[in-house]
Amino acid sequence: MLELFDRQMRREARPDGPDVTIERAGHVVRQVGPEHAWNGVLWSDLDERSADAAIAEQVRYFGGLGRSFEWKLYGHDRPADLDRRLLAAGFTPEPTETLMVAEVARLPMEAEPPDGVRLVPVTGPDGVELVAEVHEHAFGATRERIRERLLDQLAAGDLIAVLAMAGDVPVSAARMDLHPGTRFASLWGGGTVPEWRGRGVYRALVAYRAREAAARGYDHLQVDASSQSRPILLRLGFEALTTTTPYVHD
């Protein structure tokens, strides 16, 4: 499964939005797009002799574009000290997450939100604004960047997004990126405002997206799970494959 993920989602990755390109530069695969898009290194095939030069080249390249970027480091990437080399080159690590995958057909899809909460699909700018609001409260994310990226993906048809509403108040939001030509759809977000955590909202959002993935013929769901969501996902049937750590260069 890890080999399949590496091939389809990293080495042969496709752009995740309009005005975004995937480039192969030597032994590195990177995504390049507008400032609000995700810019960074998806995959690398390096060794002790080639790693430092490849890192320096990416710093020069994205620096020339005036872009902050992320080197998405997985636990099985080589060389074994790639993390230390990124630190030495001026990268800053963000919290490590767990790459988790589940077969869509084996996931429980019947989970419903708690009483007083309804799930509402996001279909336009008003819904995207509410998703950005939830992300700001749940994660401290910058609202403007999230908004622009989601609007791009929604217009391209590569995004499923859903809100959990308590009356007229958004209390959680989640999205699923579609990756045509692969067997994977990927889950992102799932942020819930503090006063609604622990009530089953997150499980209901996973089930909603699993139903949407099944309807579109995807075999697997992939998540970069935080320490908070990992126990829930394990109970739902996801399995841990490796770790992933974002190394950011401003």
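Derivation of every value follows stated rules applied to the coordinates shown; laboratory data play no part. Since the model is a prediction, treat every value here as computed from it, not as a measurement. Here the Cβ positions follow ideal geometry from the backbone for every residue, glycine too, while neighbour counts run over all protein chains shown.
Mind grabbing the base-10 log of I(q)/I(0) for the range 2-96 at q = 0.17, 0.23 Å⁻¹? Debye formula, identical points on the C-alpha positions, no solvent, two decimal places. Log-scaled intensity ratios, in q order: -0.74, -1.37.
Relative contact order, whole percent, for the chain stands at 27, derived from Cα pairs under 8 Å and 6 or more residues apart. Nearest 10 degrees, 0 to 90: what angle lies between the long axis of helix 51-65 and the longest principal axis of the chain (Cα atoms)? For 51-65 against the chain, the angle is about 70 degrees.
Subtracting the Cα-Cα distance of Thr92 and Glu195 from their residue separation scaled by 0.36 nm leaves 34.0 nm. Counting only alpha carbon atoms, the long axis of helix 125-139 and the longest principal axis of the chain meet at about 70°. Relative to the first principal axis of the alpha-carbon coordinates of the chain, what is the inclination of helix 201-215, with its axis defined by its Cα atoms, in degrees from 0 to 90 and to the nearest 10? The two axes meet at around 80 degrees. With a cut-off of 11 Å between beta carbons, the residues surrounding Thr92 carry a summed charge of -3, where Lys and Arg count +1 and Asp and Glu -1. The mean of 1/r over all distinct Cα pairs in the range 102-243, once inverted, gives the Kirkwood hydrodynamic radius of 15.1 Å.
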